[in-house]
Amino acid sequence: MWAHLRRQGIPVARCTVERIMQVNGWRGATRARRVRTTVADPAAARAPDLVRRRFGVIAPNRLLVADFTYVPMDGGGFGYTAFVIDAYAGLIPGWECSLTKNTAFVERAIRAAAMHRAREGHPLTGDTIHHSDAGSQYTAVHFTETLMLAGLIPSIGTVGDALDNALAETTIGLYKTECVRHGSPFRTGPIRTLADLEDITSAWVHWFGYAGNTRRVSRDLTW
């Protein structure tokens, strides 16, 4: 919070923020240890790493990064949320929630991103890189075909190296901390069904891209 206020141009001492938080019983949100979602298929052929941790691009539709994460469901079990993120401004043109982490689930997020860009009048034209980790969902033959049909070039990082997909990891970390944790302002109650998960994810994505950071969306619309 201290760092956030400083970035907003509000001069405040760290000890003042600490004192106010202590008086009100406030604690910063922390990120819990993750459940492993990336399971590589050793028999699958993988696309080369075309990004090599260079996530800076000069315009939208140059580089999309993708990943998915688990969400604990109230009552037991997990839901899953997949994101497709434009590296230029960090906007999320595509996302999908599911109760299973199969290949079709992440393919739907890709198609959602492609449709979103087409509705904006800036369709993917075959020269956009899609970068992900080496999870079996992203190395499946059918998924690669989905990328090509959507106008995307596949790129995959090395196994077990989060830095190779750091931008997607960062966005997912924010989602877990800001949206789905207990006490999140986006939660109106328990997450028991797929519809519950979709509702809070939709609200967070809208806030993250628009209400949460108007500079992000205005930058993304500069083509």
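A short reminder: the numbers here are calculations on the coordinates, not readings from a lab. Just so you know, these numbers come straight off a predicted model, no measurement behind them. When we count neighbours, we look across all protein chains shown, and the Cβ atoms used for this are built from the backbone with ideal geometry, even at glycine.
Once C-alpha pairs closer than 8 Å and six or more residues apart are averaged by separation and normalised to the residue number of segment 63-220, the relative contact order reads 23 percent. Under a 5 Å amide H cut-off, with hydrogens placed 1.01 Å from N, Ile129 pairs with Leu63, Leu64, Ile153 among residues at least 5 apart or on other chains. Label-to-label distance for Thr193 and Glu120 is 3.2 nm, based on points extended 7 Å past Cα in the beta-carbon direction. Within segment 110-139, whose backbone N sits under 11 Å from a point 7 Å along Cα→Cβ of Leu149? So the set is 111.
This ranking places Asp67, Asp196, Asp127 by how few other beta-carbon atoms lie within 10 Å of each, fewest first, which gives Asp127, Asp196, Asp67. Between Ala203 and Gln8, the modelled label-to-label distance comes to 2.0 nm, taking each label 7 Å out from Cα in the direction of the beta carbon.
Note on segment 63-220: the C-alpha convex hull projects to 9.0 nm² when averaged across all orientations.
Summary of the geometry: segment 62-127 and segment 140-159, compared by the centres of their Cα atoms, lie 13 Å apart. By the beta-carbon count within 10 Å of each Cβ, the least crowded to most crowded order of Arg54, Arg108, fewest first, is Arg54, Arg108.
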